[in-house]
Structure formats: structure tokens, C-alpha cells
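Novice: Structure below; questions to follow.
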């Protein structure tokens, strides 16, 4: 019959249409909505019985909908199962879904192995296979079933509006998804979803093959050792060899860790990475550690050789691939003399010369040794510096220090200053672990606003000498006189530097004969701007200024310590150019002389024929007549 397609699955008997009535318990899918308008016209139909084979599947005409999983379907209430064909005497109203009397079954039977039953004698929450719960239909009580507590299921769904009655022997239900669309779903009996494949037999023959096929990463690597690189790459750790112990190790550069800045020995030096680290060592009993602590002895830092390239590990007896560490300063072993630990290392400087892929060619080390008083809980601040430079590089032909940009400054690079002909970097105060001003100082980094402070224990008592000592502590030694305009400024070219403005404290008149005006703070103001192309701007220093703040201190109130503060402030004074204008636009203007076109025509009339000028004359006569008519 046109307009209808009768479908069945699993050998379901299709509906018999007689006299415009519908038989019950059929699965009917209309192809065209207009079919309902054809029902009054159906008076006599031939009985059609269509039997499909077992392999025939449902062919829903509605668009395919996503199949809900067992967890998405929610709790099962009533399942539709009809053991016998429907009775033809039942005549429901056409277009009204009528559900038969159903036999309630559980489409999610419990599994014989209950993996979520973890508490013996107690009902585990949402464990639908837990026999302690004693629930015939756990989904009516639990909001969901834990994975593994019910069998996996597969549902086939169609739009619920297409279904009037179900004859399916499999469990079915009406499901409403999150979008509010109601679907009629049938549970497919697919046993393959509930069983794994048969376990493979594992023996000594196929164990390795199965582990390699299905295994992943392991804690213990079974792969072959990677071959050594022929040369060092930037950032690679530098290998060292200790002949006395036949030990291969790494060149260490101790660094600070934690809030206290304690030294850690596990920080390797990176190839071609010139940097400086500072850390602090604390000693509970310095008298015992003075001669026994390796970190205090200078020989710890040069009693080994450095491998030129990593492949030097293949033959450690080949001295051609090893570079000895050359000592360039006088050192003495630590010595405990009464209450003082002498000759302890406070600074280590490595100077390493490299020659591209040929590796390390020369290594030298220098030390600075100090004396430390033995007392409980004493601390020592150590500095470790590593410099890399090209092999056989002439220092006279090179700048006195590294660039801070080329040409413009880079953020985080040292701010270059000049004192006389000596170029160096601007520094700030640095404190030791106890807050006392340290001999070491912080480098001022371009573009980074910084503040630091410490307590100075002055050695001078005279007011004039005290002022000089504090001024030197604030601005450092030697005092910066010029600042580099660009990051690649040459000390020999004075035009690349600008003078630093300085304003000392002004002396005011006070009624105090025993007062001394001392500086307590230094603010370094740096004005800079971007210059050049906007696509590649370069940072340029426009000027710098020292601002001191002072206070009066009476001699009898002068304490053993003076609190000092230094801070640096970078101010961006870049003036951006005006934005570019739009493209030029045409400005159309009419001539001021109304008769200009006519004059042009008359001027050309002497060079043209009369027949070409006659239309212009007629136009002029017409316009003059029109003007006369308007004036009357």
C-alpha cells in the first residue's frame, strides 16, 4: 500500500489492515506524514502476511539516533515481553500508543563475580551484584550501577512516536534523553560484550614476545645503552674523571635551594652556560668541620680532569681526551688556629676555553679564601662562577665584559656602567644570612625594579669618614660615573655613554653640634625608551640619577649598625609615533564658474565644424529662455 511500510524483526507478524482498523502489538513505521490523511479512504484491504527470515534486522525510517548505554538508560522499571502473537480482536484507537500487559524482567542480570563487593556482610553502595543488598531490581534503589556489577548491554533505539505496540521477545523500554527526545529502545542479546577472549598460554618461549607486544614503559630499561655523543652540546653536563678513585663524575656548580639558600652539590654545570651561583653553608661544629669538610678545601675543586668530549669515556686511559684543571691562584689547606678556621673557600671561579665541536681545550680555576670565627651555628656564603670563552681568544681585542644587548638592552641583562676607563656593571647592596652587608653585591638587571637592604657595621667613628664609608657602601666601589646607552657600548668610545646625575644630601641648619648627617638610602632612577623600528625595537638608556636620603644621628645615639637600603627604578619614556593616516580620498568639487563648460565649448568652436557647435548654442538659448521665464 502506498504511503506505508510495514516492518518486522525476529519473525514478528506484521499488522493486518482491515476496514481501516489497526491490529494490536505491531511495530509500524510511517514513511510519509500524509498517510494519516489516507485512513478514512481505506475501506477494503487485502490481508497481507509478510514473514521475514531470522537474519532480517530492523530498518527504522527515522534518522539514526545515538544508542544509549546501560548507564545512560537509568533504572529499569517495566520491560515489554509478549510470549504469544497479539489477539486480532484488540482494536486500539489509531495513532494512540497502547502498551500490552508486560512481564517484568531484569535486563541487567547480576554477574556471578561481583568485583565491587568489598565489604563482607554489608551492602556496598551502587553495587548492583552485591547479594548482601538483597534487591530484586537494584536499579530502582541505586542511582546507577558501578562498572563491572552488571553485564554490558547494547540497545537499538527508534523514535518513540513511531511505535504503537511491541512484540519483541527482548527487554525494551522508553527512554528520554537529555534533549527531551523520547526513544523506544530494545535490548540486543549480544553475548560477545560480556566475555574476554580466551587467555593465551604463556610459557618460556612466548613470554618475551608477549611482553614486548603488549607491554609499555618500564622502570628498568631493557633497551641498549645509547652511544655517546661525539661532542658536547649547549647545556650538556661536563664529564670529569677522578684518577685516584677511577670514578667518572660531573663538574658541579653548587646552587642554593629552599628558603634558607642552602648549598646543594647536585647541580651540574652546563656546557657553554656561563653563570654564577651563591649559596650558604651552616656549621653546627665548625671546629670539627674546618679540616674535614670537603667543600671548604680548595683541592676538592681541582683534583680531577675534565673530558674534552663525551666519547672520552670509552677510553679513560687516553690522556689526550682529558684536560687537567690548572690552578691560577695561591691556595692553602684549611687550618684550625685557636678559635679561627683559616683558608676556607668562599669563592670558586672556573675559566673554561672551548673550541667548537673539538670540545674543551683548557680549564683553569682560582679561589678566594677567608677566615671564619668558630662559634655555634656559624654560616658561610660561597660563590661559584663559571666562564666559557673561545679557545685562544685575545682579551685585548674583545670587550672587557659580555654585552647586555646588541645593540639595545635586553631585559634581565646587567646595566653597564663606566668608571674612568673601567667598564663594569651597576650593583646593589647584598646581605649575608645574618642580615649584615656582604662584600658581594647584586647586579642591577635592566628593566627589573629591585630593592635590597642590609645592616652596615661601620669601621669609622669620625663623621666625615663615616659618611664616606656609607656612601661607598651604597653605590659600590668604584662609584659609577657613566651608564651605557646601549647594551653593546665600548668603554673606549665615550660617545656611547651618558653621565650619571647625582644629588647628595643637602645640609640643613639645625641646633645640634654633635649630630652627623649620614645617608641611609640610595634610589637609582633609570630613564629608558624604545627606539628604531616598531617591528624590531631597541631599548636605549636616556639617563640615570642617584638620589640619596639622609638623616641626622647624634654621636651618643649612634649604634654599632646602620640600616641601609638601595633600590632601582626603571621608567619607560617611549613616545610612540602617530598612527598612520588612511588612504587618500577623492574630494570632488564643481567649478565656481557656472558658464565654465560653455566657455570651453566656445573656445573649441574655432577648431571644430559648425555642425558640432550648433547643439551647444541651442542649449545656451534654451537655458537663457528658462532664466527669463523665471524672472517674470
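Novice: Compute the length gained on full extension between residue 303 and residue 451: take 0.36 nm times their separation in residues and subtract their Cα-Cα distance, giving the result in nm to one decimal.
Specialist: This chain segment gains 49.3 nm when fully extended.
Novice: So if R0 is 60 Å, what FRET efficiency would residue 361 and residue 199 give, r being the distance between their Cβ atoms, rounded to the nearest 0.05?
Specialist: 0.45
Novice: Once both labels are modelled 7 Å past Cα along the beta-carbon direction, what's the residue 136-residue 587 spacing in nm?
Specialist: Placing both labels 7 Å along Cα→Cβ, they lie 9.5 nm apart.
Novice: Moving on. How far apart, in nanometres, would the label points at residue 257 and residue 387 be if each is projected 7 angstrom from Cα along the Cα-to-Cβ direction?
Specialist: Here the answer is 3.0 nm between the modelled labels.
Novice: Pull out the extension gain between residue 368 and residue 479, defined as 0.36 nm times the separation in residues minus the alpha carbon to alpha carbon distance; nm, one decimal.
Specialist: Contour length minus Cα-Cα distance gives 37.6 nm.
Novice: Could you order the peptides 429-440, 199-210 from most to least packed, using the average number of other C-beta atoms within 10 Å per residue?
Specialist: 429-440, 199-210
Novice: With no solvent and one point per C-alpha, what does the Debye sum give as log10 I(q)/I(0) for the range 420-576 at q = 0.08, 0.11, 0.20 Å⁻¹?
Specialist: Scattering profile of the range 420-576, log10 relative to I(0): -0.28, -0.51, -1.27.
Novice: With label points built 7 Å along Cα→Cβ from the Cα atoms of residue 152 and residue 545, find their separation and express it in nm.
Specialist: Reported label-point gap for residue 152 and residue 545 is 7.7 nm.
Novice: Quick one: length gained pulling residue 330 to residue 569 fully straight, 0.36 nm per residue minus the C-alpha distance?
Specialist: 82.0 nm
Novice: Next up: Evaluate E = 1/(1 + (r/R0)^6) for residue 578 and residue 503, where r is the Cβ-Cβ distance and R0 equals 30 Å; express this FRET efficiency to the nearest 0.05.
Specialist: 0.25
No lab work stands behind these numbers, since they all come straight from the coordinates. Keep in mind that this is a model prediction, so the values were computed, not measured. Using ideal geometry, Cβ is built from the backbone for each residue, glycine included, and neighbour counts are taken over all protein chains shown.
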